[in-house]
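The next block holds one structure in the form of structure tokens; read it before the comments.
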Amino acid sequence: MYICLEGIDGSGKSTQILLLEKWLSDYGYEVLRIFEPTNSSTGKLIREILKDPRATNDNFQKTLALLFAADRMVLMDTIEAAEEAGKAIISDRCFYSSIAYQNPQGVQNSKQRLDSDASWLYELNKFIKKPDMVILLDLDVEKAISRCDGSDSFENKVFLEKIRNRYLELAKTNDFFVINANNGINKIHEDIKKAVSPKIGRCI
Ligand SMILES: Nc1ncnc2c1ncn2[C@@H]1O[C@H](COP(=O)(O)OP(=O)(O)OP(=O)(O)O)[C@@H](O)[C@H]1O
Ligand SMILES: [Mg+2]
């Protein structure tokens, strides 16, 4: 089972992933927790670029899309080995983050245009393994910003509003499980458990 948590910056992914990991471990699952950007040298380069005030501009976005695809590819061996070993995999972001973030014009256009704008991103990520389940933590942008530390230039209202809408579009066409992340940490964890339980054949 490969589960990915997605959502805008500050939506609670890291918080919920730790709770989900503990819950699955308590059930006896061996869990591999992964995150993007990774700690590879490409991942470190990405983190540097994310701090640049120009990171939301179009050329920087395309550069980031290329780097993220490379960084993600490096993870594939780790994911395949974990799957072979029967581990549950929980990922903090996956290729859908690129589709949401590195295609910011998309939300302003029609659905058809939106997909064609993103076609190069799908092509670039075509060797990337898709998760079995994507959980989208959907949070009001103002709340998200109040939870962020302001270190990345993505953390601004106009940009994150676009990304949030893009995620909601992706949720419809890709069968994401959307969870209201405006709730408290425990309620969100309960909602995630309810979503994951049937997938792993467990009752909560
Ligand atoms: N449901 C919640 N209610 C209130 N605060 C929360 C909630 N979930 C997380 N937080 C707090 O909000 C901050 C951001 O949460 P977290 O780091 O889990 O988000 P994230 O989605 O991983 O962010 P990023 O995309 O920047 O990595 C943290 O300080 C965390 O303790
Ligand atoms: Mg995080």
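The values are calculated or read from the model by the stated rules, or taken from the named source; none is laboratory data. Bear in mind the structure is a predicted one, so any value in this text is a computation, not a measurement. Because the Cβ atoms are built from the backbone with ideal geometry, glycine has one as well, and the counts that use them run over all protein chains shown.
The helices (runs of 4 or more DSSP H) found wholly in the stretch 91-204 and carrying at least 3 residues that are over 19 Å from residue 17 (Cα atoms) and modelled with pLDDT of 90 or more occupy 95-101, 119-124, 141-147, 157-174.
Taking the stretch 50-88 as the range and being outside any helix (DSSP H, G or I) and buried (at least 17 other Cβ atoms within 10 Å of the Cβ) as the test, the residues that pass are 55, 56, 87, 88. One residue stands out in the stretch 11-35 among those that are within 9 Å of ligand 2 (Cβ to nearest atom) and surrounded by fewer than 21 Cβ atoms within 10 Å (Cβ to Cβ): the one that is farthest from residue 91 (Cα to Cα), namely 15.
Scanning the stretch 149-183 for residues that are within 16 Å of ligand 2 (Cβ to nearest atom), of a type in the set (A, V, I, L, M, F, W, C) and in contact with a Leu (Cβ under 9 Å, 6 or more places away or on another chain) turns up 154, 179, 181.
Scanning the stretch 166-186 for residues that are farther than 13 Å from residue 139 by Cβ and either of a type outside the set (Lys, Arg) or surrounded by fewer than 18 Cβ atoms within 10 Å (Cβ to Cβ) (or both) returns 169, 170, 171, 172, 173, 174, 175, 176, 177, 186. Scanning the stretch 8-43 for residues that are within 12 Å of ligand 1 (Cβ to nearest atom), within 16 Å of residue 97 (Cβ to Cβ) and hydrophobic (A, V, I, L, M, F, W, C) yields 8, 17, 35.
Kindly establish whether residue 174 is more than 12 Å from ligand 1 (Cβ to nearest atom), closer than 19 Å to residue 3 by Cα and polar (S, T, N, Q).
When the stated conditions are applied, residue 174 passes them.
Residue pairs whose Cβ atoms lie under 8 Å apart, sitting 6 or more positions apart in sequence or on different chains, and linking a residue in the stretch 75-99 that is within 20 Å of residue 199 (Cα to Cα) and in contact (Cβ under 8 Å) with a residue 60 or more places away in the chain to a partner that is within 13 Å of ligand 1 (Cβ to nearest atom) and among the small types (Gly, Ala, Ser), are 92/14.
Scanning the stretch 1-10 for residues that are within 16 Å of ligand 2 (Cβ to nearest atom) and within 16 Å of residue 195 (Cβ to Cβ) yields a count of 5. For the stretch 2-39, a residue qualifies if it is touching a strand residue (DSSP E or B) at 6+ places or on another chain (Cβ under 6 Å) and without any contact (Cβ under 8 Å) to a residue 12 or more places away in the chain, and exactly one does: 25.
Tally up the residues in the stretch 36-49 that are surrounded by fewer than 19 Cβ atoms within 10 Å (Cβ to Cβ) and within 11 Å of the chain's Cα centre (by Cα), please. The number of residues fulfilling the criteria is 1.
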